[in-house]
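Novice: First the structure, which I've put down as structure tokens, then a few questions once you've had a look.
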Amino acid sequence: MRLEKCWFCSSTVYPGHGIQFVRNDAKIFRFCRSKCHKNFKMKRNPRKVKWTKAYRRLHGKDMTQDSTFEFERKRNRPERYDRNLAENTLKAIKKIDKIISDRASDHIKNRLKTGKVQRQKEARKQLELGIHLVKAPLALAQDSSLCLPKIKVNVSQAQTEENQPMED
Amino acid sequence: MIQPQTHLNVADNSGARELMCIRVIGASNHRYAHIGDVIVAVIKEAVPNTPLERSEVIRAVIVRTRKELKCDNGMIIRYDDNAAVVIDQEGNPKGTRIFGAIARELRQLNFTKIVSLAPEVL
């Protein structure tokens, strides 16, 4: 029994799942579900289909190089059964799984960090400009630190003298 | 899912190139033939200067189908074409070489000679 990888999306194919297609040159294509199989029949390139692992690795969305990938290499030589070896392998699989998933999520977190900082800056700017939408006018008048600094415009004296007789 | 009038490729060097199924052996009128079934076929196209000639009626065993084959261990295998190997009345292949991949199920059905000659058994 062997856990294979889906040719299209690179997820594991467990026994009893999926379809294998044998091409005339004896190359075997394994698919995990009919979604991948149908995409293959449509002749879609997995490197261009956004939700596949091939696309994500190619475009740097998921981590590509890590020492933990050595553990999942395909081995063609069967190992002689040894109870201790089997026990240790099972324990190791659990630990390695956790390490891989932690490293993968760290990679994604680091990738998204720059976007987060950018969004914080934009939000701060927006708050400064639109503070009148958030705070009551009375609070703005009392606490001058919340407003933008007032810009003084000098009005000339000649204009105000001309207007006075009109108001009477 | 091979039925009468189905054209099949020939996967050996017996001299025939293309067969047309006439009858599925051991079945009633409304059954399809799958991998491992013996069919009666007529040769539609043959390689010149070989013992087998065009429009000869022979028997063949199906080795590849486009319809999925469901294995006992849960695997489902689909090939790229429909192909058969020309055999005689006993079940021995008439040719000496087999081309292309062969399904492992043929071993259980006593076509061991075909399986041993095959370049790839899946």
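Novice: Explain nothing, just the number: dipole magnitude of the protein assembly as shown about its Cα centre with +1 on each Lys and Arg Cβ and -1 on each Asp and Glu Cβ, in debye rounded to the nearest 20.
Specialist: 740 debye
Novice: Need one word for segment A:1-87: rounded, prolate or oblate. Basis is the Cα gyration tensor (sqrt eigenvalues a ≥ b ≥ c); a/c below 1.5 gives rounded, then a/b vs b/c decides.
Specialist: Since a/c reaches 1.5 but b/c is at least a/b, the shape of segment A:1-87 is classed as oblate.
Novice: Next question. Between A:Leu138 and B:Val40, what is the label-to-label distance in nm when each label sits 7 Å out along the Cα-to-Cβ direction?
Specialist: My value for the distance between the label points is 10.4 nm.
Novice: Mind checking which of A:Leu3, A:Gly16, A:Cys36 is farthest towards the positive end of segment A:1-62's charge dipole, using Cβ charges of +1 (Lys, Arg) and -1 (Asp, Glu) about the Cα centre?
Specialist: Going by the Cα projections, it comes out as A:Cys36.
Novice: What's the extension gain from A:Thr64 to A:Tyr14 if we count 0.36 nm per residue and subtract their Cα-Cα distance?
Specialist: The A:Thr64-A:Tyr14 span can extend by a further 15.6 nm.
Novice: Please work out the ratio of the alpha-carbon Rg of the protein assembly as shown to 2.2 N^0.38 Å and round it to two decimals.
Specialist: 1.92
Novice: May I pose another question? What longest region of chain A stays clear of chymotrypsin sites (Phe, Trp or Tyr not before Pro) that DSSP places outside H, G, I, E and B and that have at most 12 other Cβ atoms within 10 Å?
Specialist: Answer - A:82-168.
Novice: Evaluate peptide A:16-28: per residue, the Cβ atoms of other protein chains within 10 Å of its Cβ; return the mean as an integer.
Specialist: Shielding by partners across A:16-28 averages 6.
Novice: Another question, then. Which residues in segment B:1-44 place their backbone N less than 19 Å from a point set 7 Å from the Cα of B:Arg54 along the Cα-to-Cβ direction?
Specialist: B:5-10, B:14-22, B:41-44
Novice: What do you get for the angle between helix A:157-167 and the principal long axis of chain A? Use alpha-carbon atoms, 0 to 90 degrees, nearest ten.
Specialist: The answer is roughly 70 degrees.
Novice: At most 15 other Cβ atoms within 10 Å and a DSSP loop assignment: could you name the trypsin sites (Lys or Arg not before Pro) in segment B:49-84 that fit?
Specialist: Hits after loop and neighbour filter: B:Arg54, B:Arg66, B:Lys67.
Novice: Then there is this: Can you tell me the order of A:83-94, B:105-116 when each peptide is scored by its average per-residue count of other Cβ atoms within 10 angstrom, highest first?
Specialist: Taking the mean over residues of other Cβ atoms within 10 Å, the ranking is B:105-116, A:83-94.
Novice: Shifting gears a bit: List the residues of segment B:56-95 whose backbone N lies under 14 Å from a point placed 7 Å from the Cα of B:Asn110 along the Cα-to-Cβ direction.
Specialist: B:88-93
Novice: Another question about this same structure. Find the accessible area per residue for segment A:14-158; the probe is 1.4 Å, ligands and nucleic acids are left out, and the unit is Å².
Specialist: 87 Å²
Novice: Pop a pseudo-label 7 angstrom from the Cα along the beta-carbon direction at both A:Val153 and B:Glu120 and give the gap in nm to one decimal.
Specialist: About 8.1 nm separates the two model spin labels.
Novice: Compute the normalised compactness of segment B:51-107: alpha-carbon radius of gyration over 2.2 N^0.38 Å, N being the residue count.
Specialist: On the way: Rg = 13.1 Å, N = 57, 2.2 N^0.38 = 10.2 Å.
Scaled against compact globular proteins, the figure is 1.28.
The values are calculated or read from the model by the stated rules, or taken from the named source; none is laboratory data. The structure displayed is predicted, hence computed values, not measured ones. Glycine also receives a Cβ, built like all others from the backbone with ideal geometry; neighbour counts cover every protein chain displayed. Just so you know, the surface numbers come from the protein's heavy atoms only, side chains and all, with ligands and any DNA or RNA stripped out. Shrake-Rupley method; radii C 1.70, N 1.55, O 1.52, S 1.80 Å.
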